[in-house]
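Q: Have a look at this one before I ask anything.
The values are calculated or read from the model by the stated rules, or taken from the named source; none is laboratory data. Bear in mind the structure is a predicted one, so any value in this text is a computation, not a measurement. Neighbour counts are summed over all protein chains in view; Cβ atoms, including those assigned to glycine, are modelled from backbone coordinates with ideal geometry.
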Amino acid sequence: MDWREWEIWSAIFFVISGFVIPYSLFKANYELKHYFKFLYKRVLRLHPPYLAALLIILKVPVAVKV
């Protein structure tokens, strides 16, 4: 797959997620007052794997010849 195909699939992903996220919030009767609860839950869900990957990358030496 060349970079142009990845570019197209990336655009499709953002279009779909741009529809799905607001639609799911609408169906759940989301209100702006729930924003900080949403943000808190998102941080709890996304940060542990991100931090684990970051620690692995920093601990594992990378052998790359330039």
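Q: Taking the stretch 1-18, which residues are among the aromatic types (Phe, Trp, Tyr) and under 15 Å from the mean Cα position of the chain (by Cα)? Quick ask: steps written out before the conclusion?
A: Our first condition is that a residue be among the aromatic types (Phe, Trp, Tyr); within the stretch 1-18, this holds for 3, 6, 9, 13-14.
The answer is Phe13, Phe14.
Q: Being within 17 Å of the chain's Cα centre (by Cα) and modelled with pLDDT of 90 or more is the filter here; which residues of the stretch 19-36 pass it?
A: Correct list: Phe19, Val20.
Q: List the residue pairs whose Cβ atoms are under 6 Å apart, where the first residue sits in the stretch 34-58 and is small (Gly, Ala, Ser), the second is modelled with pLDDT of 90 or more and not in a helix (DSSP H, G or I), and the two are 6 or more positions apart or on different chains.
A: Between residues of the stretch 34-58 that are small (Gly, Ala, Ser) and residues that are modelled with pLDDT of 90 or more and not in a helix (DSSP H, G or I), there is no close pair.
Q: Shifting gears a bit: Keeping to the stretch 20-36, report how many residues are in a helix (DSSP H, G or I) and surrounded by 10 or more Cβ atoms within 10 Å (Cβ to Cβ).
A: Counting residues in the stretch 20-36 that are in a helix (DSSP H, G or I) and surrounded by 10 or more Cβ atoms within 10 Å (Cβ to Cβ) gives 8.
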